[in-house]
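Written below as structure tokens is the structure these notes are about.
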Protein chains: 2
Amino acid sequence: MKVLVTGASGFVGRYVLECLLAQGQEVLALASHANALPHDKQVEWVQADLLDPMQTTSLMQSVKPQALIHLAWFAKHGLFWQAADNFDWCSATAHLLHAFHTAGGKKIVIAGTCAEYDWTQGVLCEDSTPTHASSVYGKCKDVTRQYVQQYCQENGLDWVWGRVFFPYGPGEPAMKFIPSVLHALAQSQPVACSHGQQLRDYLHVSDVASALVHLLLHTQTKGVFNIGSGQATRLMDMVNICTKAFDSPSPVHFGAVKVSADEPPVILADTSKLQATGWQPAVSLQDGLAAYAEFVKRPAAC
Amino acid sequence: MKVLVTGASGFVGRYVLECLLAQGQEVLALASHANALPHDKQVEWVQADLLDPMQTTSLMQSVKPQALIHLAWFAKHGLFWQAADNFDWCSATAHLLHAFHTAGGKKIVIAGTCAEYDWTQGVLCEDSTPTHASSVYGKCKDVTRQYVQQYCQENGLDWVWGRVFFPYGPGEPAMKFIPSVLHALAQSQPVACSHGQQLRDYLHVSDVASALVHLLLHTQTKGVFNIGSGQATRLMDMVNICTKAFDSPSPVHFGAVKVSADEPPVILADTSKLQATGWQPAVSLQDGLAAYAEFVKRPAAC
């Protein structure tokens, strides 16, 4: 099947490409800028700026993909939570969906986020937890999901909205939690953390990718799916796993970083709906973090 | 004070212009198309397409208003609830706000909607009722409010977000509830209604305008304000007031139109916050509907 992947040069995108190739699909990878196009023999890279509806329409008319995995969004670390750019990506997604459908596309998988949920609820379930985002980002993803659902129902498209929880792994932005811990340890610098008691649902990025591809290729069920491990991990425990990957780790100061009063104690995916499709994660947290630490230790990784 | 009004040729916009002029303000009225510009000696009309950020920036740099009443939004009857155009108006509002601030603007009043609220709550209060819109329109207005609030707080702008409930009066789209009833009566046609037991908060459009202008000119309080009457009126009672304006009214069939299972029984504004600013409505429902009926009876009104 000819599958177009947006956001293909991004963190999750690169793993999605690998996963699609491993399953023998014809993969078209989209990047927004020509100079972001990697050289890759197995993947055909195409270039278009999805914020320009004309480019989106032209792309779809020339490529005519049967399936679409849409990962592209504004993702600048620290800024994306409240930026007006989120509004542009709501529009861009609506244009993309229409252009895909008009060009004959049949099934779309879109990356949503656990930030669409009301985080005071702790354990988050697709069909019973209200979506009540606190951020502009979460609200924009949520209203885009509503639009996509309605458009696909009216136009007979298959659709999956995958609410991604906390992905980790090589390639993620260096300022995020786990890479910042690993890089400090690799440079023998002290690690400043919050109290570390928060429970979060982390999933290795290769498993996030395999879940998205599984939902595209191997399920008939439409709708919203949580993409997580279903396991709550204490941040302190994750840091301790990281330190074990180093022979003489630098000290970790829990409590050195203050958390805001509304920091949610628990953000955990109910993954029963996802697992009922037959998907299982392949990478344990122990193995994923150990391999990630080895990746960071390599001189080229900095 | 130099006040720019967007959506000035729309339903509420025309009443806002009148109200600003009556209070001696210097009024600039914005329309999106040159052929929509009315001839008016008291108001200076300007033209720009707010969906084009370049035009928005140019407009603000040439006009440099001190205050802004932003009413423009996608409003096509029947379509606006779920359309992707709502996303474009989120972006347009963010651009407008930034261009206004950059050009030296100080205070902004923006039209929100009661559709931002969770309608299962009945009586809706700015500070205690959760915003939990069911429509794309309501969700987009809500996330735009969040963005505006944050932008204005960070940049020191005065801001008011007026959640407009159910405005009525001459000039509203003919397919809405009250004009459709009045036009049927004026043409001696039978009137098909739902059961008519719904309670809604209707406010004459001239009072909606006076509230928005009052919040611009006469209050220091920033934030969200409900714009409603604070009175719940049964739709059946409104129809019966309408029929009294006709000598031999055509029959009204309550129950002829089915309502959806999730039709909210009550949508009522808590207006204590608005009324605490000293604003009061001037037009009673009886007087407003009687005058509206006379307007519809005039041959030119069709």
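Each reported figure results from applying straightforward, stated rules to the coordinates on display, with no laboratory input. All figures in this text were calculated on a predicted structure; none of them were measured in a lab. So basically every Cβ, Gly included, is an ideal-geometry build from the backbone, and we count neighbours across all protein chains shown.
Mind ranking B:278-285, B:179-186 by how tightly packed they are, going by the mean number of other C-beta atoms within 10 angstrom, highest first?
On the way: B:278-285: 15.2, B:179-186: 20.5.
Top to bottom by mean Cβ count within 10 Å: B:179-186, B:278-285.
Taking all pairs of different Cα atoms in the stretch A:179-287, averaging 1/r and flipping that mean, what Kirkwood radius in angstroms comes out?
Radius from the Kirkwood sum: 15.7 Å.
Check A:Val164: other-chain or 5+ apart residues with amide H under 5 Å from its amide H, H built from backbone geometry?
Counting only residues 5 or more places away or on other chains, the set is A:Gly112, A:Thr113, A:Cys114, A:Ile227.
Between copies, how far does the label point of A:Pro251 sit from its twins, in nm, shortest first, when each point is 7 Å from Cα along Cα→Cβ?
Those label-point separations list as 9.0 nm.
Using r as the Cβ-Cβ distance of B:Ser134 and B:Asp49, and R0 as 30 Å, what FRET efficiency do you calculate, to the nearest 0.05?
Working from the Cβ atoms, E equals 0.50.
Just tell me how shielded B:80-92 is by partners: mean number of partner chain Cβ atoms within 10 Å of each residue's Cβ, no decimals.
On the way: counts 0, 0, 5, 2, 10, 2, 6, 14, 6, 2, 10, 9, 1.
Mean inter-chain Cβ contacts per residue within 10 Å come to 5.
Which distances, in nm and shortest first, link the B:Asp127 label point to the same label point in every other copy, taking 7 Å along Cα→Cβ?
Result, one decimal in nm: 4.0.
Shortest first and in nm to one decimal, what separations exist between B:Ala290 and its copies in the other chains, measuring from label points 7 Å along the Cα-to-beta-carbon line?
For B:Ala290, the inter-copy label distances come out at 8.6 nm.
Under 15 Å from the 7 Å Cα→Cβ point of B:Thr221, by amide nitrogen: which residues of the stretch B:270-293?
B:270-281, by backbone N distance to the label point.
How large is ³J(HN,Hα) for each residue in the stretch A:125-138, as worked out from phi by the Karplus curve 6.51 cos²θ - 1.76 cosθ + 1.60 (θ = phi - 60°), to whole Hz, x for Gly and Pro?
Values, residue by residue: 10, 3, 9, 10, 8, x, 7, 7, 5, 9, 9, 4, 4, x Hz.
Listed here are the pairs A:Lys41/A:Lys76; B:Lys41/B:Lys106; A:Lys107/A:Lys273; A:Lys76/A:Lys139; B:Lys76/B:Lys244; which of them are more than 23 Å apart at the Cα? Mind showing how you got there, number by number?
Values: A:Lys41/A:Lys76 29 Å; B:Lys41/B:Lys106 26 Å; A:Lys107/A:Lys273 19 Å; A:Lys76/A:Lys139 17 Å; B:Lys76/B:Lys244 31 Å.
Correct reply: A:Lys41/A:Lys76; B:Lys41/B:Lys106; B:Lys76/B:Lys244.
With Cβ to Cβ distances under 15 Å as the rule, what net charge do the other residues near B:Pro265 carry (K, R +1; D, E -1)?
Numbers: positive: B:Arg200, B:Arg234; negative: B:Asp118, B:Asp201, B:Asp237, B:Asp262, B:Glu263.
Overall, the nearby charge balance is -3.
Excluding the sites themselves, what is the longest stretch of chain A that contains no trypsin sites (Lys or Arg not before Pro) in a DSSP loop with at most 12 other C-beta atoms within 10 Å?
Details: sites that count: A:Lys41, A:Lys76, A:Lys258.
Longest run free of exposed loop sites: A:77-257.
Just checking the output field for A:143-153: average partner chain Cβ neighbours within 10 Å of each residue's Cβ? Before the final figure, lay out each step's value.
Details: counts 12, 4, 0, 6, 8, 0, 0, 2, 2, 0, 0.
Counting other chains' Cβ atoms within 10 Å and averaging over A:143-153 gives 3.
Between helix A:235-244 and chain A, what is the angle of the helix's C-alpha long axis to the longest principal axis, kept within 0 to 90° and rounded to the nearest 10?
Helix A:235-244 and the main axis of chain A meet at about 70 degrees.
Tell me whether the stretch A:231-278 comes out rounded, prolate or oblate; compute the Cα gyration tensor, take square roots of the eigenvalues as a ≥ b ≥ c, and use a/c under 1.5 as the rounded threshold. Provide the component values of the computation, followed by the final result.
Numbers: a/c = 6.00, a/b = 1.49, b/c = 4.04.
It comes out oblate by the Cα gyration axes.
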